[in-house]
Structures are given as C-alpha cells and as structure tokens.
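Here the structure is laid out as structure tokens; the discussion comes afterwards.
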There are 4 protein chains.
Amino acid sequence: MERYKGIIVPLVTPLAGRDQLDREGLERLIERVINGGVHGIFILGTTGEAQSLSYGIRREIIRLACKQINGRVPLFVGITDTSSVESAKLAQVAHTEGADALVLTAPYFFPAGQTELFAYVKDMVPRLRLPLMLYNFPGMTKIWFEIKTLTHLAEMENIIGVKDSSGDISYYKEVCKLKKIRPDWSIFIGPEALMSLSLDVGGDGGVSGGANVYPRLFVECYEAKVSGDLTRAEKLNNKIEEFQEIYTIGKYASKYIKATKCCLSVLGVCDDFMEQPFHRFRPEHRAMIIEMLKRFKVEQLVEV
Amino acid sequence: MERYKGIIVPLVTPLAGRDQLDREGLERLIERVINGGVHGIFILGTTGEAQSLSYGIRREIIRLACKQINGRVPLFVGITDTSSVESAKLAQVAHTEGADALVLTAPYFFPAGQTELFAYVKDMVPRLRLPLMLYNFPGMTKIWFEIKTLTHLAEMENIIGVKDSSGDISYYKEVCKLKKIRPDWSIFIGPEALMSLSLDVGGDGGVSGGANVYPRLFVECYEAKVSGDLTRAEKLNNKIEEFQEIYTIGKYASKYIKATKCCLSVLGVCDDFMEQPFHRFRPEHRAMIIEMLKRFKVEQLVEV
Amino acid sequence: MERYKGIIVPLVTPLAGRDQLDREGLERLIERVINGGVHGIFILGTTGEAQSLSYGIRREIIRLACKQINGRVPLFVGITDTSSVESAKLAQVAHTEGADALVLTAPYFFPAGQTELFAYVKDMVPRLRLPLMLYNFPGMTKIWFEIKTLTHLAEMENIIGVKDSSGDISYYKEVCKLKKIRPDWSIFIGPEALMSLSLDVGGDGGVSGGANVYPRLFVECYEAKVSGDLTRAEKLNNKIEEFQEIYTIGKYASKYIKATKCCLSVLGVCDDFMEQPFHRFRPEHRAMIIEMLKRFKVEQLVEV
Amino acid sequence: MERYKGIIVPLVTPLAGRDQLDREGLERLIERVINGGVHGIFILGTTGEAQSLSYGIRREIIRLACKQINGRVPLFVGITDTSSVESAKLAQVAHTEGADALVLTAPYFFPAGQTELFAYVKDMVPRLRLPLMLYNFPGMTKIWFEIKTLTHLAEMENIIGVKDSSGDISYYKEVCKLKKIRPDWSIFIGPEALMSLSLDVGGDGGVSGGANVYPRLFVECYEAKVSGDLTRAEKLNNKIEEFQEIYTIGKYASKYIKATKCCLSVLGVCDDFMEQPFHRFRPEHRAMIIEMLKRFKVEQLVEV
C-alpha cells in the first residue's frame, strides 16, 4: 500500500447549536479544503471536538462527510473513546459509510500502562475493518505510545502509521525511524508550526488545524518543501508561523479550536458554535481575529 | 434536605465478559454491601469502570441497581462524560429508574478553564432532574474544582455536595468550610485511608472502594468515630490501613480496581473480568490476594 | 534520647541589605519566639532563605543564633546544599558554635534516584558531628524520601527524625509509622495549617513559619491539643487558619516568606529585605498585611 | 561583536576523588577537545557537575582551564547559583583569570516568577564584568525564560545569547526569532541529538555533551551542515544519533554525565569519579560502554 502523505486537515465540526450539525457549513468547509488541495480529511479529532459530541452527531458527521467527499480525498475518522465498545461501533459506521482509515489515541480517563496499551491496541485492531493510524497525544491522554510499544505494534499489518501531537521533535524522530521496519507507515505531525521541520527528520506531513482556514497555505508549503524549492517553502512557513498569532487569543487550552472556528465564521464558511464545556469567542476576541485575517494577506502568496 | 453521610460504596461493575454484565454477581454484591450497612451506593464511578463501559451497559446497570436496591439505601449515579449530551441522557435514565442523586466530574479530555468549568456545571444542572454531587478528581480530569469556583456554584440549590479524590487534605478542609454557606452540603472523601481523618476536619464520610470488600469494616469505623468511641475507631482504622496492602500489588494506576475485583472474585461475590484497557490480575497476583485476605482477619473485629 | 516535640520555628533571616544581616532584628526575633514559648528554632531553612544567602552570611547567622539562644531552646541548622562538601562545612560550623541538630533535604539541582539518595545520606551522616533530621520537600528538590528509603535510613542511629513539607498527609502518616522501628524519631510537619491535624496521625509537632509572627498562637494550639483540651485547640487552630490569609497576597511561590517578613517588619521586629531573586512586598501589599494584622486579634486568645 | 557559533563542549569535571580535581585528566581533556576542533569550552555546567562541586573546586577549575586553554578557544564559565552573591564571586574569578563569557540559569531552589526572574537578571548583569549567556533549563530550575522575559532582557547589551536545554524545538524557534532585535545573539541548543536540526530553525550551534567524547564528530557535523554538504551532515548526524545509545545505560537522570565520564575513562582521558550524590558506573555498565565504543567506529568517519 502507498503511504499517506501531505496535509491532512483535522476538520472542525460545524455546529448550529447544541447537538446539532451546521450541515451547510460542513459542506462548504469540505469543499473549501478540497479546493485548497488538502491530501486528506480527518474528522472527529481533537480539533473536531469529537469528545464533546454526542454519538448521534458523531455518526451523522461520518455519514455526511463520506457522502460529501465522495472519495475525492482519503477520509480518516477518529474513533478515540474510553470505551472500546463505543470505538468499535464508530469504526463500524465509518466502514459502512465508506471512510478510508481510522485514528485512535490511548483511552484517556484512567491512564493505562504500556503493557495495557499494547494489549488494548492488539485487541482493537481485529475488531476494526479499516486501517488504523495511532495517535500519540500525551497532553490529553496522560500516556505516550512509547517507542518500544510502537515497535511491537508495528507487527500488526493493519496499523498504517502514527500521528504525533506531543510536540517533542526528538520523539517524533524516533517514530520516523520505525520506517526501517515499516516502510509503509505514514508519520504525521500535529503542531502545525512544526510541520515543515518535521519533513526534515523523515516525516510525511502534517495534521494541521490551520488548514481549515488556509488549506492552500499549508499544502503549498508542504509541496514546496518536498519538491526542493526551499526558498518558497521558507516563505510559506513564515506565513504559517505568522498565522500562529491567532492562537494567542484567549487563555484556555480550548483557544486553538475557538480561534479556528472563529476564523471560519468570519470567512463565512460555517458557524462557530461550540459544544460544552467550550464557547465561541466573545465579540472582542472575534474583532481581533477579524483584524488579524485582514493583516495576514495570505492571498498574496497563495490563492485560497 | 438532610445531608448524606457515612460510607458510600463506589460499586465495582461486575462483568461476565466484554460488554456483558455479571447480573447475578451484581445482585450478590448489592446485597452484600447493604447487609454490611453502607449508607449509600454509587454506581458508574471510577471504581465502577464507568468510562470503559458502553452506554448500553451503563444504562443496564442503572436499571438493575435501582431495581435491586429498591430504595433501601440512596443510589448515586455517575454521569461523568466528555459530552454533556451523553451525561444528560444518562441522568434521564437515572431519574426514570428512580436513582437518588447524580455525580459529575469535570469533562476530562480537553481540560477546561475555571470559567468554562463553572459555565459547564451551571448549564448542566437545569438539564438534570436529580440533585447533583460534584466530583473533584484532578488526577484524572487534569483540573480542580477550585474553591472559588465551588463558592460560586454553591448558589445552585440542586448541587448537594462534593466528593473529593484529590488526596489533598488542605483542599478538603477548604471544601468543608463551604458548609458555612451551604450547611446542607455533604462533603465526601475518596482515598479510603483518609476517611477517618476526614471526619476530623469536617467531612461527612467516605466514598471508599474497599467497602466493596469489607463494607462493615468501613461502616463501623465511621460509626465509632462519629459516636465518639475513638479507641474502637482507631482500631478499625488500623485494619483499614492494613487492608491498603492489597493496592500494592501490580504496577499500573488500574491496580486499585483490579485488586478490589479480585478480592470479590476470591470471596465468591462476582466475576473479576475487566473492560479494556484493563485486565484481571494474573494468577500470581490473585494468589497474593488470597493470602492477604486470609491474613487480615477483619472478621475478628467486625462481622462481615 | 528524648524526642523533639512541639513547635519549631523556621526562622526568617533578618537582612539589612544585600549580603548583610540585620543583627538587631535577629536578636529581637529570637527573643520574641523564645518568649512566645517555641520548643525549638530552625535556622537556614526555606523560610530562612538559606539557598539565597552567601556562605558568609550562613556562617554568621549560625554563630549569632547560637550565641543569642545560648541553649534556652534546641537549635536546628539547615545544611541543605547541592555540594556535599559545602554541607559538611556548614555542619562543622554548627557543631563548633554549639547547635543541637542539623536538617538536610535531598540535593536539589539534578534529581537523584532513591538508591543515590540513600547512598548520599549514608555517606553524609558520618561526616557530621551532630544528629540529623531529614527534610522531605519534593516540591523544591523534585524527589521524595520514599518510605522504603527512610526505612533503610532508620538503621542509622544519628538520624533523629523527619520534617515533611510535602503536604501529603497520607505520606506523613506512613512516615509516622516508622516510629515502630525508631520510637525516638521526631516527625514534624511543614504546612502550618496541617500542624494540628498532624498530631492526630502520630506526628510530634510543626515547623511552622507563622510562628515567626505569632509564636504563642502555634505553641498554645499545640499544647491544648496534646493536653486533650480539644475545644481550645480547635479555637486556636481556627485562628491559625484565619492567619493563612496573609499567604494569599502576591502571586509567586516566594509569597510565603515575603508575607512573614512583612508581618515582622510591620510589628517592628526586623527588616523585610529579601535576597535575590525575591523582594519585599510593595506598599499596597504591605498595606494589606497591616490591615490583616489589625483584624486577626490573636491577642484576644493568646498573649503574644 | 561577532556571534559565537559552532560546537561548545560542556566540559565534564575530571575528579580524582572527593573534592579533588584530576588535574592531568583535565589537561588531557582540554587538549583533546581543542584538537577535536571545538569552537568553545563551557566549564561548570550541568555536565560539569557544577552544583555538586565545592566552591574551592569551582575556583580551581576556572584557574586551570583558563591557563590551559590560554585563549585558543573561547571559555564560558557557569556561575549558576541560588545565591546571587556566590554567582557574582565566581564571575569575578572568571574575569580575573581571563575567561570570555559567563552562563547563568534561573536560581533553582525556590522557583521565581517571571517578573522576579527578569529583576534578578537585570540586577546581576551590572555586577558581572563579562558578557552573559542565559541558560534555559526548566527541567532543573522549574521555570522557563519565557519569550516575553527574554524580549525585555534583550535590551541589556551585555547579554549575548541563550543556551536552551528545554528540548522544546518550538520554544527554541521562538528564541531564534529574537535575533530580529538582537542580531548579535548566539542561540545554542542543549540536547545533542537536536543540534543538527536546530541549525535549520536559525540556531548557532550546540552545547553538546557528547563532544567531550567525540569532539570531531560534532564539529564536522556542524561544519558539513553550515557549508551545505547535507549528505555528509546527515551521515554524521546518524552517527551522533547512534552515539545516544550510551545514554540508555542506567536509570537515573544522572546517567548522561555518568556515561560521558565513563567513556572518557575507558578512552584513558580522565578519571570517572563523581561527586555526591552520584557515582561512576558499576563494572557491568562500564563493560557495556566499552562494547559500544568499539562498535561505533566513529573514526571511520572522522579522525578524532
């Protein structure tokens, strides 16, 4: 099988209100990122507020996304849960509706030990009917997929790679080295400001939240880098770094998602309603986003 | 309303296999703890592996527990979830089936700020039709119910107290002081070795996992303490401390639940199957439990 | 040897300016706490800013304190250092000048493992000519004196007890249980709001920073407790808790020392200059201290 | 002033026993790294066990190193201390003996807030007579030099750069951006496996502990990278990564220094005695080092 590569957008979940999808917003958003050239779409990740959504909404977005995307780009579906039974049910929906792959973190309430984590994944994989990407996110799950654990898991053919959101580039490098035993694995990085750098140490691309807003910026930076046009890559990466300014607004961990949704709302793509326990930006923060979006002038570099 | 007091047992969830209740074990366990004199039963807590269970099982145990207990002691139902919609659904089931109160931690994937936590609880309470006990468990949820936040939440009549599993007795004391503004609040402590001590600083009792195994030991220790028989209370508390030895077996965070289930299995009460990502004790650990249970001689002090 | 018991005051170090003792302030402070009835004085602890002081000042305060106290109460000298050679030198000064005992935390820059910590203490003890109290302060040193390590160290006769500033009462209880093998050990608690409670679980007293300000309040609370006058003990403990309000001023970890020194300055006892990287309270914070000291009315309960 | 660049070796401190330098080992070590082409030498850093050494030894190594190096490469002297007075004294020795620059972390016992940290450095700089490099090492000091704090400190001319051992490449990138306001600043990275990568994000070189053992390996990797010979740079970087294997021996934080000293002892350069609370490798660990050094064959790539 060929490796997945490039920019996977971790789609926000457009919501019209509590437990209610903004369906038209979702359509517009999907069209926008596909037009922007993204190499894949990942729904029900952290940026997609998956854990805050009811299972009804989670199933609905799987169905709608499959239908709307219709095979134009690969679709990854997050099935992370504290209950393996619920993860398996979502995986079944993803398979039935035609998604391409699944994404799974460690269970995240009671922290598992590495032996338990290994046994958990080993037990899950045969219960899934789609390829699985492991998702390392110790900040949320309290535990790491340690390199030794990944080395053992590399024996399972249906595991196809790792997404790492630890922000620890030394760890990421170690993960990339696992391609020695699994050349087919895709190794994606979470933090978008590290995307370009991650390609230097053997990575395959980024799961970049900012690609919801400026898909082409991330896609072209990636493509400039892999095609060897380092000058252009650096210019675009500078723009990506400049864009990080939107994440300085607000003070809680949720500000990343809030800022992304706020941008999309300002751009007229979708609603910025958020499920509990989070809330859309207040007017003064929205005003800051509006001002920033004007200032960035991403369009001068890339047509969005 | 009168305060809840005494020993609330955070019931383990007897399982016969994946996604399958051990119904007879559940009945025996409930009878055992009621015979043991517990002042209340709390299902779907951490000890009950709530987060690892499918929603089907969660609903089923609510129904079965309500029916079996049949009002003999108050029943608390954990509705902790990352999705407020799913929490509210479970609360609805608890209300319909006749439970007495609900228990809720902070959402635990993406950590909320205190303002967000306050808004979350404020939004949840009117969606519930039963009184609510807040559950402080920063080790799992990453955030605290800070005293200031609790002070604001104390204005909501339908909140009836706090269970604190932080293990920080200074914090616990501060929570107890909130009785100045809410004399009707019940303040329970999680760590069972601190139960007796917690009564000295103004607490109302313990949510003591060990009461699954030796309910009368905990109940009599509590009662000796509140009746002023401090010599007997200390003797019983020494037994409780001795009992903590079972938690030294194994090396992961889950060992607390494993040990409790293993004891119950050894005592013939219920199966010790555990949902992913955890597993029952291996034979050598079970052998240690058998040896310990023989050695403790709790019966010499209290009839169990 | 008899156990040390009661209230040990961790003396602030009165400073007149950078690298300069406020000698008269030191005299007044020592007289004040002895008049207040403290059972011992501990210089060069955390409250004494030991780590911020030059070695010249450290030696000077040892000399002056020994001379001023002149055997009226036991004098403990902190010799905590990252260099065992410097610790041993200070210990030598303490011995020569006539101090009674030494206090030592784990080396605190590069964290040692438990085996290393054990070997370190085992190597230090014979290099000292005074009895040694171990000081558990994981918040500063990054490591704990684990119970198993303490159990092994209990074999060294010249170790005479433990001061615990972890704030973890479960750990403290475990330390107290070591009296089974070392009935002569003194187990002191750091956080002053836990002093009274610590006596319930087998402790011997507190190393209470607040005793710099209100020595008699702490002493009388301790004495009421051990003499069985629980009503008076609780009343006094409530005052101690009320006093904790001074520690809510300011926002950095150093605020505990700042508040204590500020109180002493307001009361005319000594200067509140602090060594780098800390600084005395600004006027608005000082004004809050003045207002609080007026409000506390400790004198109505105990003559200070 | 020109920026410092390249490989600065954080010299281990060769010791012949407690509080006793291995003077001949020190001479050999200095000659070895200078022959290996290092661009600078940093004594009294973490690798140099500075905090474990007596002040007598610290002064002696400054004198000996200045004399031995004799201006052939720049000499950086660590003056990190919890007492600003002692830091200033060491700085005076460094100046008198002819060192080139000083290196300073935050005070590391009681953690300072950012305002306090800023005031501390602002107060220190005029007390020093040599240029100062700030050293970010939150793992040891508990606090970061936050970017905002560095931005303010950038106004002090005598501060000449930052060494970052946080391991957080996103932070490191932000530090590098400060060259916009201070083009003369040198930004070095601590973790040696990140040295090559750090050059991609704007860094100036590494303070690489492994350069004690294989100076030329690090120097040539650096030089290949900056001269644009990326193939050779990668080859050498792979060797550096292979070399990291020595740090997998042992289980405590101190294993980095132990392994480095052990290598040097095996290579006949100097003694591997360590000051308390650490100890040289036991024979079985030394045997592993011997086996690894044989296997690495660094010499095939670079003449050492």
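The values are calculated or read from the model by the stated rules, or taken from the named source; none is laboratory data. Keep in mind that this is a model prediction, so the values were computed, not measured. No Cβ is skipped: glycine too gets one built from the backbone with ideal geometry, and neighbour counts run over all protein chains shown. Areas reflect the complete protein model, heavy atoms only, side chains present, ligands, DNA and RNA absent. Shrake-Rupley method; radii C 1.70, N 1.55, O 1.52, S 1.80 Å.
Set the Förster distance to 25 Å, then compute FRET efficiency between C:Glu157 and C:Val226 from the Cβ-Cβ distance, nearest 0.05.
About 0.40, to the nearest 0.05.
As a check on your grasp of the helix formula, calculate [θ] at 222 nm for chain C: sum -39500 (n - 2.57) over DSSP H runs of n ≥ 4, divide by the residue count, round to the nearest 500.
-13000 deg cm²/dmol
Just counting partner chain Cβ atoms within 10 Å, what average do the residues of peptide C:104-115 show around their Cβ?
That average works out to 6.
How big is the dipole moment of region D:6-232 about its Cα centre under a simple scheme where the beta carbon of each Lys and Arg is +1, that of each Asp and Glu is -1, and everything else is neutral? Debye, nearest 20, please.
200 debye
Of A:Ile189, A:Ile160, A:Phe273, whose Cα points farthest to the positive end of the dipole of chain A (charges on the beta-carbon: +1 Lys, Arg; -1 Asp, Glu; origin at the Cα centre)?
Farthest towards the positive end: A:Phe273.
Could you tell me which of C:Ile290, C:Ala65, C:Asn237 has its Cα farthest along the dipole of chain C towards the positive end, charges placed at Cβ (Lys, Arg +1; Asp, Glu -1), taken about the Cα centre?
Going by the Cα projections, it comes out as C:Ile290.
Could you work out which residue, out of D:Lys251, D:Lys67, D:Lys142, moves most in a Gaussian network model of chain D, that is, has the largest mean-square fluctuation with Cα springs under 10 Å?
Evaluated over chain D, the most mobile residue of the options is D:Lys251.
Please report, for A:Pro183, the nm distances (one decimal) from its label point, 7 Å out from Cα along the beta-carbon direction, to the equivalent points in the remaining copies, shortest first.
4.7, 7.5, 7.8
So, in nm, how far is label D:His95 from label B:Lys67 when the simple model puts each one 7 Å beyond its Cα toward the Cβ?
Those two pseudo-labels are separated by 8.5 nm.
May I ask you to report, in nm to one decimal and beginning with the shortest, the distances from C:Glu299 to the same position in the other copies, taking label points 7 Å along Cα-to-Cβ?
Computed spacing set for this position: 6.5, 7.4, 8.3 nm.
Taking every DSSP beta bridge that has both residues in the protein assembly as shown, what percent is antiparallel when rounded to the nearest 5?
Counting only bridges with both partners in the protein assembly as shown, antiparallel ones make up about 5 percent.
Place the label 7 angstrom along Cα→C-beta at C:Glu234 and in each other copy, then list the distances from the first to the rest in nm, shortest first.
Values, ascending and in nm: 1.9, 7.3, 7.4.
What is the distance in Å between the Cα centroid of region C:188-235 and that of region A:194-264?
When both Cα centres are located, 57 Å separates them.
Highest mean first, what order results for D:150-162, D:68-80 on Cβ atoms within 10 Å?
D:68-80, D:150-162
If B:Asp200, B:Asp123 are ordered by their accessible area, calculated over protein heavy atoms with a 1.4 Å probe, which sequence runs from highest to lowest?
From most exposed to least exposed: B:Asp200, B:Asp123.
No solvent, one uniform scatterer per C-alpha: report log10 I(q)/I(0) for the protein assembly as shown via the Debye equation at q = 0.06, 0.07 1/Å, two decimals.
Computed log10 I(q)/I(0) values: -0.56, -0.78.
Among the DSSP beta bridges whose two residues both lie in chain C, what percent are antiparallel, rounded to the nearest 5?
Here the antiparallel bridges make up roughly 5 percent for chain C.
Taking a probe of 1.4 angstrom, what is the accessible area of D:Arg282 in Å², to the nearest 10?
130 Å²
Anyone know which of C:Thr248, C:Thr47, C:Thr260 comes out most mobile in the 10 Å Cα GNM of chain C?
C:Thr248
Loop-only check: which GluC sites (Glu not before Pro) in region D:1-103 are DSSP coil with at most 10 other Cβ within 10 angstrom?
Taking region D:1-103 and a limit of 10 other Cβ atoms within 10 Å, the loop GluC sites (Glu not before Pro) found are D:Glu2.
Rg to Rh ratio, region A:214-304, alpha-carbon atoms and Kirkwood radius?
1.03
Taking a temperature of 20 °C and a viscosity of 1.002 mPa s, what whole-number D in µm²/s does Stokes-Einstein yield for region D:6-232 with Rh from Kirkwood over alpha carbon pairs?
Translational diffusion coefficient: 122 µm²/s.
As a test question: what accessible area, to the nearest 10 Å², does B:Leu21 have when a 1.4 Å probe is rolled over all protein chains in place?
20 Å²
Among the listed pairs A:Lys5/A:Lys177; D:Lys5/D:Lys180; C:Lys67/C:Lys89; B:Lys235/C:Lys180; A:Lys89/B:Lys258, which are separated by more than 21 Å between their Cα atoms?
Going by Cα-Cα distance, A:Lys89/B:Lys258 fall outside the 21 Å limit.
Taking 28 Å as the cut-off for C-alpha to C-alpha distance, list the pairs among C:Lys163/D:Lys142; A:Lys173/A:Lys297; A:Lys225/D:Lys239 that go past it.
Flagged as over cut-off: A:Lys173/A:Lys297.
For region B:140-243, with only Lys/Arg (+1) and Asp/Glu (-1) charged at the beta-carbon, what is the dipole magnitude about the Cα centre, in debye rounded to 20?
Result for region B:140-243 is approximately 100 debye, rounded to the nearest 20.
Given the rotation relating B and D, tell me which residue in B puts its Cβ closest to the axis and the distance in Å.
Of all Cβ atoms in B, the one closest to the rotation axis yields B:Lys251, 8.
If DNA, RNA and ligands are ignored and the probe is 1.4 Å, what is the ranking of A:Glu146, D:Glu234 by accessible area, most exposed first?
D:Glu234, A:Glu146
Taking a label point 7 Å from the Cα of D:Glu31 along the Cα→Cβ vector, which residues of region D:194-231 have an amide N closer than 18 Å to it?
So the set is D:212-216.
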